[in-house]
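A quick write-up on the structure given underneath.
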Amino acid sequence: MIRIIRVTAASAACFMLGVFAAGCGGGGGASASAIPTAGTPSDGKTIARLVISIPTKSLSPAAGSRTPAFVSPSTQSISVQIDSAAPVSQNLTPGSPNCTVPGALSALTCIVNIGAVPGSHTFTFTTYDQVGSAGNKLSVNSVVQTLYWDQVNPVNVTLAGVPKAVQVAPLPSATGISGNSSSGLQFLFGSPRSISVAAIDSDGNYIVGPGAPTLSVSVTGATAAANMTASAASDGNPNHYLLNATSSGTGSLAITATPTSALAGTSISSTVSLTSEVIVTFVDPMTSGGSMFVDGVVGTERIAPNAKGITYDSADGNLYITDSLVCTVRQVTLSGTITSYAGGLPPVTNKCNGLDGTGATTSGPPGFYTPEGIVYDPATSSFYVADYGNCKIRQISGVGAVVTTLAGAQGACGTNDGQGNAAQFNGPMDITYDSNNGNLYGVDVFGCSVRQITPLGAVTTIAGNNGCNGTVSDGTGGAAHFNGPWGITYDSFDHNLYVADTGSCAIRKVTPAGVVTTLAGSLPAGGTAACLSTDGTGSAAQFNMPYGITYDSNDGNLYVTTYPAQALRQVTPAGVVTTLVSGSNVPALVVGNPSYLDAPLSLTFDPNNGFLYILDNDSIRQVQL
C-alpha cells in the first residue's frame with residue numbers, strides 16, 4: 001500500500017516505502033512514523049508513503065480464488081522512481097535496514113522516505129534478484145498517482161496478484177490527452193499520446209513485480225476514418241502504451257489482464273471509451289456591451305464584429321487581425337491583450353481611408369477601408385493587407401508600422417495587370433505569401449481570379465477569367481473559371497496555391513504554372529443553395545460556402561472554415577475531407593463560452609505550436625491539432 005501524505009517542510013525529506021516479504025523473520029530498524037501534520041512545506045513538496053506487499057505462498061487456493069498461489073522468492077530488492085527523479089532503492093531481505101517484522105509469522109515491513117511536489121506522477125517500480133538494486137532486473141512496472149496537499153493519499157501496491165480491474169490514465173508527461181478509466185479518454189489526433197494501463201487486485205492494490213499479469217491492449221469498434229490504434233511504447237515498460245488516430249472519431253480501448261501461470265485466477269477484460277478530436281479554446285473571448293473598439297486585456301477590450309483577416313507572426317509569436325469595421329490592423333497576444341497596430345483610431349472622423357502613413361493614430365493617416373486578408377512575410381518582417389474597399393494591396397513594415405501602397409490605385413477598381421498603381425484589383429479578399437520566391441498571391445472575389453504580386457509591386461493574373469459569370473471549370477490560366485474565390489493559401493512543400501472557391505463549394509488547386517484543378521468539393525446541379533457539408537474524397541465531398549483556408553506546414557493538410565455551417569474542415573493532400581467542428585457539435589474538449597463556432601471566418605496556422613487560430617466573428621479561437 002502506498003500512502004501519500006502532505007507534510008510540513010521539516011518532514012518533507014521523508015518518503016515511506018513499506019515492503020512485506022514472505023518468509024522473513026527477525027530484523028530490526030526504524031518503525032513507521034506517525035502521519036505528519038498537514039501543511040505547505042517551504043520546498044513545495046509533499047510525502048508519499050508506500051506499503052508494498054509480497055503475498056505469502058498459498059498451499060491450496062480454492063477453485064476460482066483470486067488469492068495468489070505462489071510468488072517467486074528470488075526478489076531481493078526494489079527501486080522506486082517518481083517521474084525522472086533519482087530512484088530510491090530498498091532491500092527486501094531479512095534484517096535489511098529500515099525493516100521490521102511484527103511477529104513470527106508476520107510479513108517483513110520496510111520503510112523509506114522521499115518527497116515529491118503535488119500533482120500527477122508516474123511511479124516506476126523495478127525489482128532485482130540481488131540486494132542494492134543490482135543483478136538481473138526481474139520486472140519493471142509503473143502506475144499513475146496524483147499527490148495532494150493536506151490529506152492522506154493511499155496507493156496500494158503488491159508484487160503479485162490476480163487482477164480484478166484495470167486503471168487507464170494519461171501519463172503525467174503526456175500532452176493532448178485527458179480523461180480516465182471511468183470517463184473515457186479524449187485525445188488529439190495526429191500524434192501518439194502516452195497512457196498507462198495497470199492491473200488492480202480485489203483489495204485495490206496495483207499489481208507490479210514478477211507476479212504482475214500480462215496485458216493485452218487494442219482498439220475496437222473505431223470510426224473507420226479515424227484509423228485509431230493502440231501500441232506498446234518503446235521504453236520496455238509493459239504498462240505504457242501509445243494511442244494514435246489520423247482523424248476525429250470514436251472507439252473503445254479493449255484490455256485483457258491475464259494472471260501469471262503460477263497464480264490462481266482467471267483473466268479479466270475491460271473497455272474504456274476513446275474519442276479523438278481537436279481542442280478549441282479562446283485566445284480572446286467575445287465581450288458584450290460598450291465600445292466595439294477598445295484596446296486592453298481580456299474582458300475589457302473588444303474586436304469589432306466581422307473582423308475578417310488573421311495571420312501569425314513567427315517573429316514575435318503574436319497574432320495580427322484586420323478589424324474590418326473600424327478599418328484598423330490590430331495585434332493580439334496569446335494572453336489576449338489587444339493593441340492597435342496600424343490605421344486610424346476613433347475619434348478620427350474619416351478613419352476609413354486609403355492614405356499611407358505611420359502607425360495607429362487618432363489624428364490622421366494612415367487608413368484602410370474594410371481591410372480583409374492579411375499575411376506575414378518573415379523575410380522582410382512585413383505584413384501585407386488585402387485592402388478590399390480601396391482595391392489595393394498595402395504593406396506594413398518597420399518600426400512604427402509604416403503603411404505604404406504596394407499595388408493598386410485609389411478609387412480605381414478593375415482587373416488590369418500592371419506595375420504599382422497602374423494595376424487594378426476588383427475586391428481583393430485574401431492574400432498569401434510565397435516563401436519560395438517572396439511573391440504574394442491574392443484572390444479577387446469580384447474578378448474571380450488569382451493574382452500574383454511581386455515584391456516590387458508588379459501584378460499578373462495567373463488564373464481565372466477576370467470576370468464572374470457563374471461558370472466553374474478547371475483549366476490553365478484564363479481558361480479556368482472561379483466563382484467567388486474568398487480565401488487563398490500557399491503550400492510551401494510543392495509550391496501550389498489552394499483557393500477556397502466560395503461560390504463553387506470547392507477547394508481549388510493552382511500550380512505555379514497556373515493550372516487549376518478541383519481538389520475537393522463540387523458545385524451541385526442546384527447551385528450554391530444545394531451545397532452541403534458532406535465529408536468524403538474529392539468530388540464526393542461538399543462545402544457549404546468555404547471561406548477561410550490555411551496550410552499546415554507540419555503535415556501538409558489544409559484547414560477550411562465554412563461560414564453558414566459554422567464548421568472547421570480538414571482536407572488532406574489526397575482530397576479527403578473530414579469535419580472537425582460543425583455548428584454546435586463541438587468536441588467535449590472545448591473551453592469557453594460560447595461552446596461552438598459562431599461565425600468562423602479566416603484562420604491561420606502556427607507551425608511552432610501546431611495550433612490553428614480562427615477569427616470567429618468578434619472572438620479568436622485556438623484549435624490544438
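The values are calculated or read from the model by the stated rules, or taken from the named source; none is laboratory data. Note that the structure is a prediction, hence the values are computed from the model and not measured. No Cβ is skipped: glycine too gets one built from the backbone with ideal geometry, and neighbour counts run over all protein chains shown. The protein model used for the area step is the full one, side chains on, heavy atoms only, and it has no ligands, DNA or RNA in it. Shrake-Rupley method; radii C 1.70, N 1.55, O 1.52, S 1.80 Å.
Roughly speaking, to the nearest percent, how much of region 419-473's 1.4 Å accessible area is carbon and sulfur? Let's see the in-between values first.
Working: 870 of 1860 Å².
It is 47 percent, rounded to a whole number.
Quick one: grab the alpha carbon gyration tensor of region 127-221, order the square roots of its eigenvalues as a ≥ b ≥ c, and give me rounded if a/c is under 1.5, else prolate or oblate depending on whether a/b is larger than b/c. Taking the square roots of the gyration eigenvalues as a ≥ b ≥ c, region 127-221 is prolate. How would you classify region 313-450 from its alpha-carbon gyration tensor, with a ≥ b ≥ c the square roots of the eigenvalues: rounded for a/c under 1.5, else prolate if a/b is greater than b/c, otherwise oblate? Oblate.
FRET efficiency for the W149 to S397 pair, using the beta carbon distance and R₀ = 60 Å, is estimated at 0.70.
Between T404 and S335, the simple spin-label model (points 7 angstrom out along Cα→Cβ) gives 3.4 nm.
Between D474 and S492, the contour length at 0.36 nm per residue exceeds the Cα-Cα span by 4.2 nm. Measuring r between the beta carbons of T534 and D129 and using R0 = 56 Å, the FRET efficiency lands at 0.35. In the full protein context, region 130-210 carries 37 Å² of accessible surface per residue, based on a 1.4 Å probe and ignoring ligands, DNA and RNA.
Expressed as a whole percent, the accessible surface of region 182-232 that belongs to carbon and sulfur atoms is 44, based on a 1.4 Å probe. Rounded, prolate or oblate, given the Cα gyration tensor of region 529-583, with a/c below 1.5 counting as rounded? Judged from the Cα gyration tensor, region 529-583 comes out oblate (a/c at least 1.5, b/c at or above a/b). If you take the beta carbon distance between N416 and D313 as r and set R0 to 30 Å, what does 1/(1 + (r/R0)^6) give as a FRET efficiency, to the nearest 0.05? Efficiency at R0 = 30 Å is approximately 0.40.
A simple rule links phi to the HN-Hα coupling: the Karplus curve 6.51 cos²θ - 1.76 cosθ + 1.60 with θ = phi - 60°, which for region 215-232 gives 9, 10, 10, 8, 9, 10, x, 7, 4, 4, 5, 6, 6, 7, 9, 10, 9, 5 Hz, with x for Gly and Pro. Per-residue surface analysis assigns D203 an accessible area of about 120 Å², computed on protein heavy atoms at 1.4 Å probe radius.
The slack between S218 and S435, meaning 0.36 nm per residue of separation minus the straight C-alpha distance, is 73.8 nm.
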